[in-house]
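Q: Structure in structure tokens, see below.
Where a number appears in this text, it was derived from the coordinates with a stated rule and is not lab data. Predicted model only: the values in this text are computed from it and were never measured. Virtual Cβ from ideal backbone geometry, glycine too; neighbours counted across all protein chains shown.
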Amino acid sequence: MAIARAIVGEPRILLADEPTGNLDSHMGDEIMAILESLNQRDGTTVVMATHDHKKAARTQRIVRVFDGRIVH
């Protein structure tokens with residue numbers, strides 16, 4: 001439901017804090033597919049915070065932060 005509320009207004013930028021964190025792997029994949037579609041089809045910028053390396057690997061760009069600093 002939170003994803004639906006977030007995208008109903010067709011935002012240009014979507015901030016997603018652990019959008020798949022409390023979901024089983026199948027539902028997490030569904031949410032990732034929705035976010036990917038929003039980015040590819042609609043040009044929505046998706047900024048996602050996650051600890052899941054597999055989900056992060058599905059993105060176009062990864063920025064790692066450690067102790068409040070960007071690391072490589």
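Q: Out of the residues in the stretch 15-28 that are within 11 Å of the chain's Cα centre (by Cα) and of a type outside the set (S, T, N, Q), state the one that is farthest from Ala56 (Cα to Cα). Break it down stepwise before answering.
A: Residues of the stretch 15-28 that are within 11 Å of the chain's Cα centre (by Cα), as a first pass: 15-21, 28.
Imposing the further condition that a residue be of a type outside the set (S, T, N, Q) reduces the set to 15-19, 21, 28.
On the way: Leu15: 14, Ala16: 12, Asp17: 12, Glu18: 11, Pro19: 12, Gly21: 12, Gly28: 12 Å.
Ranking the qualifying residues of the stretch 15-28, first place goes to Leu15.
Q: Still on this model: Out of all the residues in the stretch 5-14, is one or more under 18 Å from Ala57 (Cβ atoms) and within 14 Å of the chain's Cα centre (by Cα)? It would help to see each step written out before you state the result.
A: Here is the first cut: in the stretch 5-14, the ones under 18 Å from Ala57 (Cβ atoms) are none.
So far as the stretch 5-14 goes, no, none of its residues is under 18 Å from Ala57 (Cβ atoms) and within 14 Å of the chain's Cα centre (by Cα).
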